[in-house]
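Engineer: Following this message is one structure expressed as structure tokens.
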Amino acid sequence: MVLPLILNKKPLASEIQEKTKKKRKNKYIPGLAAMKFRPDDDWSKLKAGKIHNSTLHNLGKYDDDQIYFIDCIKGMKELPRECIDLIIADPPFGLDFTGKESIYNRNSEFVIDDYGEVKGDYYNFTESWISEISRIMKQTSSTYIFSGWTNLEAVLRSIREAGLTVLNHLVWQYQFGVFTRKKFVTSHYHLLFVVKNQKKYYFNKIEHYPIDIWDIKRDYDQKKKKNGTKLPLKLIQRCIDFSTKPGDIILDPFLGNGTTAEAAKANYRHFIGFEMNEKLKPIIENNISSIELGQDYSKYRDRLPTPEDLKRKYPLAYKIYKSI
Ligand SMILES: C[S@@+](CC[C@H](N)C(=O)[O-])C[C@H]1O[C@@H](n2cnc3c(N)ncnc32)[C@H](O)[C@@H]1O
């Protein structure tokens, strides 16, 4: 049998060179992608401030940059459909919590009364507020929902039933777990990253390799009055940075001490908050007014390590980066 000539054909030197070049190009060089990384969207501080000041939102009978002391389910029902860019929800976890329990090692003098814990069935409560968020989210919106692990099942079920999709099951790792004798210390919150439209949701990739475990320290001010569940500003800011643009409107249905409103204002975003406990009013107002508009905003690119910062860890990547 005569073999087709093509089988015997040797590759040309130029073909080999081209192949090796391609191979080298595709080869994984640790650190190189991080050096080349740029955020998808970025705005100078001046531009972000201008966008913020010129953006208006239609919230029906409500105004942006305001807090309302009402039940969030009533409040959300009265908002127009698809009017919110981002929701950050840190509901009561259904643990009979008051914030004054001695196990938390807090001075109860500094903890505000009337924490709105869930009375009755946790699933019914969760289903009623999650079905509302789905109505008011825009197609481009996301929601971040905090949950303990004991009632996580009710939260996941309500999300599913509302037709929303969980894209990440993030974990916030903290340092104030309660001491245990015969089991492990709980030292995390679940943080569910949820979207309405998987094809249209806004996500600004501002870091090269953003993993799903967030190790963020709690802001610690023992002498300040608060309800016992204040989240760190940095934790909320991270949700805002990845999932909104300057000028966007962020809703927190369970505002607590006002952390979401503080983080929004500090980063040129608008906010609206609902909170049932009117005793928190002076604390929230004081927290928000102590923030300067845009005080924590900086270009995302300026927060990243530079190639020079990464040089010591990745010398080969640095050499290649410089030669490109
Ligand atoms: C876990 S705390 C939120 C803490 C907040 N993330 C912070 O950083 O301060 C939950 C808050 O939701 C409030 N709350 C409970 N049920 C509510 C409801 N149906 N509507 C509005 N607020 C509610 C509670 O009074 C409490 O202040």
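The values are calculated or read from the model by the stated rules, or taken from the named source; none is laboratory data. What you see is a predicted model; the values in this text were computed from it and never measured. Neighbour counts run over all protein chains shown; Cβ positions are idealised from the backbone, glycine included.
Engineer: Taking the criterion of being in contact with a helix residue (DSSP H, G or I) (Cβ under 6 Å, 6 or more places away or on another chain), in a loop (DSSP other than H, G, I, E, B) and surrounded by fewer than 24 Cβ atoms within 10 Å (Cβ to Cβ), would at least one residue in the range 236-247 satisfy it?
Structural biologist: Yes, the range 236-247 contains a residue that is in contact with a helix residue (DSSP H, G or I) (Cβ under 6 Å, 6 or more places away or on another chain), in a loop (DSSP other than H, G, I, E, B) and surrounded by fewer than 24 Cβ atoms within 10 Å (Cβ to Cβ).
Engineer: Right, another one. Restricting to the range 56-88, and then to whatever is assigned to a loop (DSSP other than H, G, I, E, B) and within 14 Å of the ligand (Cβ to nearest atom), can you tell me which residue is nearest to residue 289 (Cα to Cα)? Spell out the reasoning first.
Structural biologist: Residues of the range 56-88 assigned to a loop (DSSP other than H, G, I, E, B): 56-58, 60-61, 63-65, 69-71, 78-83.
Those left that are additionally within 14 Å of the ligand (Cβ to nearest atom): 69-71, 78-79.
Values: 69: 17, 70: 21, 71: 23, 78: 27, 79: 25 Å.
Per the stated criteria, the residue is 69.
Engineer: Could you go through the range 261-270 and let me know if any residue there is within 12 Å of the ligand (Cβ to nearest atom) and within 18 Å of residue 56 (Cα to Cα).
Structural biologist: Restricting attention to the range 261-270, the residues satisfying the condition of being within 12 Å of the ligand (Cβ to nearest atom) are 261-263.
With within 18 Å of residue 56 (Cα to Cα) added as a condition, the list becomes 261.
Within the range 261-270, one or more residues are within 12 Å of the ligand (Cβ to nearest atom) and within 18 Å of residue 56 (Cα to Cα).
Engineer: Could you list, in sequence order, all residues of the range 50-77 that are surrounded by fewer than 17 Cβ atoms within 10 Å (Cβ to Cβ), within 22 Å of the chain's Cα centre (by Cα) and among the charged types (D, E, K, R)?
Structural biologist: The one that is surrounded by fewer than 17 Cβ atoms within 10 Å (Cβ to Cβ), within 22 Å of the chain's Cα centre (by Cα) and among the charged types (D, E, K, R): 65.
Engineer: While we're looking at this one, here's another question. Among the listed residues 296, 302, which satisfies the condition of being assigned to a helix (DSSP H, G or I) and either away from the ligand (no atom under 12 Å from the Cβ) or on the phi < 0 side of the Ramachandran plot (or both)? Lay out the reasoning, then the answer.
Structural biologist: Numbers: 296 fails: assigned to a helix (DSSP H, G or I).
Selected residue: 302, the only one of 296, 302 that is assigned to a helix (DSSP H, G or I) and either away from the ligand (no atom under 12 Å from the Cβ) or on the phi < 0 side of the Ramachandran plot (or both).
Engineer: Which strands (runs of 3 or more DSSP E) does the range 124-216 wholly contain that include 3 or more residues that are crowded, with 19+ Cβ neighbours inside 10 Å?
Structural biologist: On the way: elements: 137-147, 165-173, 188-195, 213-215.
Correct list: 137-147, 188-195.
Engineer: Name the pairs whose Cβ atoms lie under 7 Å apart, with the first residue in the range 114-140 and on the phi > 0 side of the Ramachandran plot and within 14 Å of the ligand (Cβ to nearest atom), the second at pLDDT 90 or above and outside any loop (DSSP other than H, G, I, E, B), and 6 or more positions between them or separate chains?
Structural biologist: Taking only residues 6 or more apart or on different chains, the pairs are 114/279.
Engineer: Okay, next question. Taking the condition in contact with a helix residue (DSSP H, G or I) (Cβ under 8 Å, 6 or more places away or on another chain), assigned to a helix (DSSP H, G or I) and of a type in the set (Ser, Thr, Tyr), does residue 321 pass?
Structural biologist: Details: in contact with a helix residue (DSSP H, G or I) (Cβ under 8 Å, 6 or more places away or on another chain): yes; assigned to a helix (DSSP H, G or I): yes; of a type in the set (Ser, Thr, Tyr): yes.
The answer is yes for residue 321.
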